[in-house]
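Quick notes on the structure that follows.
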Amino acid sequence: MSAPFIPVDAPFTREQQAWLSGFMAGLAAIPTADKEVQAATLTLEILIGTQTGNCEFVAEDLAAAARGAGLAATLAPLDSVSPEALGGERNIIVVTSTYGEGEMPDNAELFWEELSADGAPRLESAKFAVLALGDSSYDDYCQAGKLIDTRLEQLGATRVVQRVDCDVDYEDSAAAWIAEVVEHFGALQPNTAAPAPAPAAAAAPARVRSPWNKKTPYPSRLAVNRVLSGPRSSKEIRHYEFDLGDSGITYAAGDALAVVPVNETALVDELLGHLGFSGDETLESGSSVRTAFERELDITAPSKDLLAELSAREPSGAVAELVQRGDKAQLDGWLWGRDTLDVLKAAQGVAFGADEFAALLRPLQHRAYSISSSPLASPDRIHLTVASVRYGNEARRYGGVCSTFLADRVGDLDPVHLFLQPNAAFRVPEDNDAPMIMVGPGTGIAPFRGFLHEREARGAAGRNWLLFGDQHRESDFIYEEELEGLTERGVLDRLDLAFSRDQAEKIYVQTRMLEHSAELYAWLEEGGHFYVCGDASRMARDVDDALHAVVAQERGVTSEGAAEYVAALKRQKRYVRDVY
């Protein structure tokens, strides 16, 4: 009997439960001698901390490589295990990303709280290895992986393979680490272990991956580009639809779409002119300088390497003064709103060769956006809801790399290269009767538009509550007519609005949560799922505080009691976030 694919962080379906029951019954029938041989096979317990899904792919690659080498491997999200469960002779492999400014990803937060506590259990008999994914443009690069790696060692576990910290282009580093892990743990395999099983019988099949990825994105067509915000809005929010054509891309409501941008031609020309390049110079990579500036390199955000080089070359300059002072807040304040060209103009005496300068820039990265459609309602197109980033003054105007690329520079026949980023943790409840509470101000409404269309197409009976807001109702109530239609059709049971600038006292989505505290708690007690999408640094924190306050008030418990209740929601996958 073939095994159904079971996502690591989703509840079992009836099919999966049936398969698991059959598997356990078959396992009980295995002769004792066979069980002993099977038990002798070393098992890698691969624990995943992820915010966007990249770590899941790496973990799956590791599991496949381990099984191919005759090892056993299990996959689980970090928040599904406790430190106590890791005691004994265990082989712990952690693959985790870092979220925001050095924070644990959402599905690793509870695990880290228990692991870092004073009473965490000793793990002297355990062996471990850690792979950390991150972005070196942040100061707390790969911090989550570093913390877990250090803490496991502090608790007495033995590090078998040194931690590897992977930057945004992580694939090659991760592949080398996987090979090293399999080699070292394979050497620990007991001599009594059974021979490597045939690949077809080794394990449940992994999910099928799309051929379209970061290295080979799909050239889609932008079918719809429509402004949603009103003319008097301080924002420019647009609705996009991308034609999937013959790509074979299948998506789910809750997934993200990665878009590969092209830099603005006018900015490329300005940068070439300032550096004294024609653009026709050939780099060591084989690309012309113009092509590299347009499609391969990040020419907007000043890299740490560029700042360090300018500081070294002009030690008495403005950049050097800020860099050498070591005041991060002051440096960040000076850099705010400035791009690479601005920084170069502040160091007028510094010149570069083409390869020399290119080596100081970071690769141009894709941008991931929450999908705002459901495949049940829109199987042939993926929808996005994106705010165009524009700022500056008469002297110089600036624009977000990808948001203005989509808004201004994609013609009817121009390809837009994209690929899917699945997010198995952010899904509509499998139980169609379960209530949903969705908090998504501004463009945070994106995935919840997809969720509502998904529920409607399913004919789901569960109640749906959306808390949405922005600055002004007149100009910022995006998808207003669509939400009214969903309400009239009985799909959207409750819509609470919070437009912060329409009255003297500012009102936010968390304000509405507290105003309707009793009803919100009642929905949770009925098995409701609580979702948040949007700004991580302020909104998501404020919403989390409000959720704790609601629970404390309605349950009549202390802050500690409320924290336990919220933690239980997270463990049950009933409190999940898509924040950025």
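Below is a table of values for the structure above.
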quantity: Any chance Gly53 is at pLDDT below 85, within 21 Å of the chain's Cα centre (by Cα) and open to solvent by less than 60 Å² (accessible area, probe 1.4 Å); calculated: yes
quantity: Where a residue in the stretch 381-408 is on the phi > 0 side of the Ramachandran plot and its partner, wherever it lies, is in a strand (DSSP E or B), with Cβ under 6 Å and at least six apart; calculated: Gly392/Tyr398
quantity: Members of the stretch 334-355 that are within 16 Å of Pro302 (Cβ to Cβ), open to solvent by 50 Å² or more (accessible area, probe 1.4 Å) and of a type outside the set (Phe, Trp, Tyr); calculated: Arg338, Lys345, Gln348
quantity: Considering residues of the stretch 29-49 that are at pLDDT below 90 and not in a helix (DSSP H, G or I) only, the residue nearest to Ala179 (Cα to Cα); calculated: Thr41
quantity: Some residue of the stretch 136-152 being part of a helix (DSSP H, G or I) and at pLDDT below 95; calculated: no
quantity: Hits in the stretch 254-271 - residues which are surrounded by 19 or more Cβ atoms within 10 Å (Cβ to Cβ) and either basic (Lys, Arg) or out of contact with any strand residue (DSSP E or B) (no Cβ under 6 Å at 6 or more places or on another chain) (or both); calculated: Gly254, Pro261, Asn263, Glu264, Leu267, Val268, Leu271
quantity: Selected residue (only one of Glu101, Glu109 is surrounded by 16 or more Cβ atoms within 10 Å (Cβ to Cβ), more than 26 Å from Gln189 (Cα to Cα), out of contact with any Cys (no Cβ under 8 Å at 6 or more places or on another chain) and among the acidic types (Asp, Glu)); calculated: Glu109
quantity: In the stretch 295-320, the residues that are open to solvent by 50 Å² or more (accessible area, probe 1.4 Å) and polar (S, T, N, Q); calculated: Ser316
quantity: Subset tally (residues that are out of contact with any helix residue (DSSP H, G or I) (no Cβ under 9 Å at 6 or more places or on another chain), within 15 Å of Leu110 (Cβ to Cβ) and either open to solvent by 50 Å² or more (accessible area, probe 1.4 Å) or not small (Gly, Ala, Ser) (or both)) for the stretch 56-92; calculated: 0
quantity: Pairs with Cβ under 9 Å, 6+ apart, first in the stretch 200-224 and modelled with pLDDT under 80, second of a type outside the set (A, V, I, L, M) and exposed (fewer than 13 other Cβ atoms within 10 Å of the Cβ); calculated: Ala204/Ser2; Ala204/Phe5; Pro205/Ser2; Pro205/Phe5; Ala206/Phe5; Arg207/Phe5; Val208/Phe5
quantity: Residue selected from the stretch 259-271 under the condition outside any loop (DSSP other than H, G, I, E, B) and in contact with a Lys or Arg (Cβ under 7 Å, 6 or more places away or on another chain), by the criterion farthest from Asn54 (Cα to Cα); calculated: Val268
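The values are calculated or read from the model by the stated rules, or taken from the named source; none is laboratory data. In this text the structure is predicted, and so the values were computed from the model without any measurement. Note that we place each Cβ from the backbone using ideal geometry, even for glycine, and neighbour counts take in every protein chain shown. Quick note on the areas: whole protein, heavy atoms, side chains included, nothing else; ligands and nucleic acids left out. Shrake-Rupley method; radii C 1.70, N 1.55, O 1.52, S 1.80 Å.
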